[in-house]
Amino acid sequence: MSGTQKKLRYALVGTGNRGTTMWGRELLAGWGDYVELVAICDLNLMRAERARQMMGSGAPLYRDFAQLLVEQKPELVIVCTRDSNHDEIIVAAMEAGADVISEKPLTTTTDKIARIREAERRTGRRVDVSFNYRFAPTAAKMKELIDAGTIGDVTSVDFHWYLDNRHGADYFRRWHGFTAESGSLFVHKATHHFDLLNWYLDSDPVEVKAFGDLVHYGKNGPFRGERCRTCPHAGECPYFFDLAADPFLDALYEEPSAVDGYVRDACVFREEIDIPDTMVAAIKYKSGVKVSYSLNTYMPMEGHHIAFNGHKGRIEMRQYEKQTWTTPPADEIVVMRSFDEHEPERIWMPHQPGGHFGGDNRMRDMIFKPGSNDPLRQRAGSRAGAMSVLTGLAALKSSRSGGSVRLQELMDIKAL
Ligand SMILES: NC(=O)c1ccc[n+]([C@@H]2O[C@H](COP(=O)([O-])OP(=O)(O)OC[C@H]3O[C@@H](n4cnc5c(N)ncnc54)[C@H](O)[C@@H]3O)[C@@H](O)[C@H]2O)c1
């Protein structure tokens, strides 16, 4: 960037872990030539103050987002609040003339999708959605192989995602365990996965049949407490989480919990948890492609397996988070061509530094570095955010009603 180019003035809303790291400390450290943090907003001012210190920022703190908009007039607002209130911040930001980057999922209901899309059209502002998995080099390589016709037209996909008993359990310690806050993991987590499918296949999903049950966490636990820090079962519970052992999370969440009651280590066996922990779905696409999907949340490993089946072959990929069986850690892509006597082609994709296998850094480059090209159409907007949320809402509805659900029943997709 030339020394004369103006920095983009942005406000950060929501100073939990994601806001403070990805869109605060890391963004300022790596992309500080392009952006300037002009305001920080959180309903919990103690957490916001801690976050500000961690970010090394002098930006003013706000509890009232409307006041922030009037006083600071940011050009960009980055939304890192709970999923269920992203829409309020997104719409107010655009109405005040700012562009928006929303953390995923874009939102949690069809009414909120409609509100965001209407406000975007009306104001002419832009909403980006942080689908960082699209930017992982392995995902980009898969997309290139599919688009190049390596296996002919894709006819079906096998897609299975595994969350381990630390990361998976973490969703059940917090607000994510309630459908009203997260839309369930069919929305909160699977929004990434459904977006990957929509992007890989370059088509819209039309119909979903799903099953989902809560069989491990919540009411299924053999005992329960309020939270790990005070739990009488701490010594025997495999899910005991020692927040105090993580100085960063402890500083951001423990004392600030006195302000708003948001404890970071609530019991994974709380009776009130109302989301499924074991989910499967069959999805049919406009293009005719059929997908078999699953999400499990208490596994001894974390990662995903995906395979694209086509008229001329099959591409498989395996990616593991922590339990890597290769040194250095790498993802394996296997390309099998039909009626080919040769060994399948094996492509090893080394993991890249930064979050989400290098996806977080590449996404920030794409958004903030001037002149970035986007040949794989990785940069995602609100329509992509909406389509993946709708797929999750259809899956949730199907899992509860027993029938299959067409996305068009939920809202008018043609008008999206
Ligand atoms: N892209 C990814 O891979 C990725 C990874 C992690 C989290 N996320 C997303 O980031 C978001 C934040 O996640 P987190 O774990 O930091 O959540 P968190 O609940 O720990 O933090 C959210 C913060 O927002 C604040 N807040 C809530 N409502 C607010 C409002 N109306 N105005 C101002 N502040 C408000 C809360 O007080 C809290 O400090 C979620 O939407 C989550 O899905 C995305």
- request: Might you check whether a residue that is without any contact (Cβ under 8 Å) to a residue 12 or more places away in the chain, under 23 Å from A380 (Cα atoms) and more than 10 Å from the ligand (Cβ to nearest atom) occurs anywhere in the stretch 1-19?
  value: no
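In this structure, is E341 touching a residue at least 60 places away in the same chain (Cβ under 8 Å), assigned by TED's automatic domain parsing to the domain that holds R166 and acidic (D, E)?
Working: touching a residue at least 60 places away in the same chain (Cβ under 8 Å): no; assigned by TED's automatic domain parsing to the domain that holds R166: yes; acidic (D, E): yes.
So E341 does not fit the description; no.
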message: Based on this model, can you work out whether M366 counts as closer than 29 Å to T107 by Cα, modelled with pLDDT of 95 or more and surrounded by fewer than 21 Cβ atoms within 10 Å (Cβ to Cβ)?
response: yes
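Working carefully through the options V291, V280, find the one that is in contact (Cβ under 8 Å) with a residue 12 or more places away in the chain, under 30 Å from A148 (Cβ atoms) and assigned by TED's automatic domain parsing to the domain that holds A394. Can you show your working first?
Numbers: V280 fails: under 30 Å from A148 (Cβ atoms).
Testing whether each residue is in contact (Cβ under 8 Å) with a residue 12 or more places away in the chain, under 30 Å from A148 (Cβ atoms) and assigned by TED's automatic domain parsing to the domain that holds A394 leaves just V291.
Results for (1) crowded, with 19+ Cβ neighbours inside 10 Å; (2) away from the ligand (no atom under 13 Å from the Cβ), shown as yes or no for each residue.
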| residue | (1), (2) |
| --- | --- |
| D242 | no, yes |
| P247 | no, yes |
| P256 | yes, no |
| G261 | no, no |
| R264 | yes, no |
| F269 | yes, yes |
| E272 | no, yes |
| P276 | yes, yes |
query: Looking at the stretch 151-159, is at least one residue surrounded by fewer than 24 Cβ atoms within 10 Å (Cβ to Cβ) and assigned to a helix (DSSP H, G or I)?
result: no
- request: Within the stretch 107-120, work out how many residues are within 16 Å of the ligand (Cβ to nearest atom) and part of a helix (DSSP H, G or I).
  value: 4
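Going by the structure shown, is G32 more than 24 Å from G97 (Cβ to Cβ) and either aliphatic (A, V, I, L, M) or out of contact with any strand residue (DSSP E or B) (no Cβ under 6 Å at 6 or more places or on another chain) (or both)?
Values: more than 24 Å from G97 (Cβ to Cβ): no; either aliphatic (A, V, I, L, M) or out of contact with any strand residue (DSSP E or B) (no Cβ under 6 Å at 6 or more places or on another chain) (or both): yes.
In short, no.
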- prompt: When the stretch 121-138 is examined, which residues are found to be touching a helix residue (DSSP H, G or I) at 6+ places or on another chain (Cβ under 6 Å) and either basic (K, R) or assigned to a helix (DSSP H, G or I) (or both)?
  reply: T123, R125, N132, Y133, R134, F135, P137
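Among the residues of the stretch 162-174, is any among the acidic types (D, E), closer than 29 Å to H86 by Cα and either touching a residue at least 60 places away in the same chain (Cβ under 8 Å) or within 16 Å of the ligand (Cβ to nearest atom) (or both)? Break it down into steps so the answer makes sense when it comes.
Pass one, the stretch 162-174, residues among the acidic types (D, E): 164, 170.
Imposing the further condition that a residue be closer than 29 Å to H86 by Cα reduces the set to 164, 170.
The next check asks that each one be either touching a residue at least 60 places away in the same chain (Cβ under 8 Å) or within 16 Å of the ligand (Cβ to nearest atom) (or both); those that pass are 164, 170.
The answer is yes; a qualifying residue exists.
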- prompt: Looking at (1) outside the structural domain of L201 (by TED's automatic domain parsing); (2) of a type in the set (S, T, Y); (3) part of a helix (DSSP H, G or I), which is the one condition that is false for S398?
  reply: (1)
- request: For the stretch 169-199, name all the residues that are within 17 Å of the chain's Cα centre (by Cα), farther than 16 Å from G392 by Cβ and surrounded by fewer than 23 Cβ atoms within 10 Å (Cβ to Cβ).
  value: A169, D170, R174, W175
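Sort out which residues of the stretch 261-295 are of a type in the set (V, I, T) and either under 20 Å from the mean Cα position of the chain (by Cα) or closer than 15 Å to W161 by Cβ (or both), and write them in order of number. Break it down stepwise before answering.
Here is the first cut: in the stretch 261-295, the ones of a type in the set (V, I, T) are 263, 268, 273, 275, 278, 280, 283, 289, 291.
Across the stretch 261-295, the qualifying residues are I275, T278, V280, I283, V291.
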- request: Report yes if S182 is within 16 Å of the ligand (Cβ to nearest atom) and closer than 30 Å to S287 by Cβ, otherwise no.
  value: yes
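The values are calculated or read from the model by the stated rules, or taken from the named source; none is laboratory data. None of the values given here were measured: they were computed from a predicted structure. Neighbour counts are summed over all protein chains in view; Cβ atoms, including those assigned to glycine, are modelled from backbone coordinates with ideal geometry.
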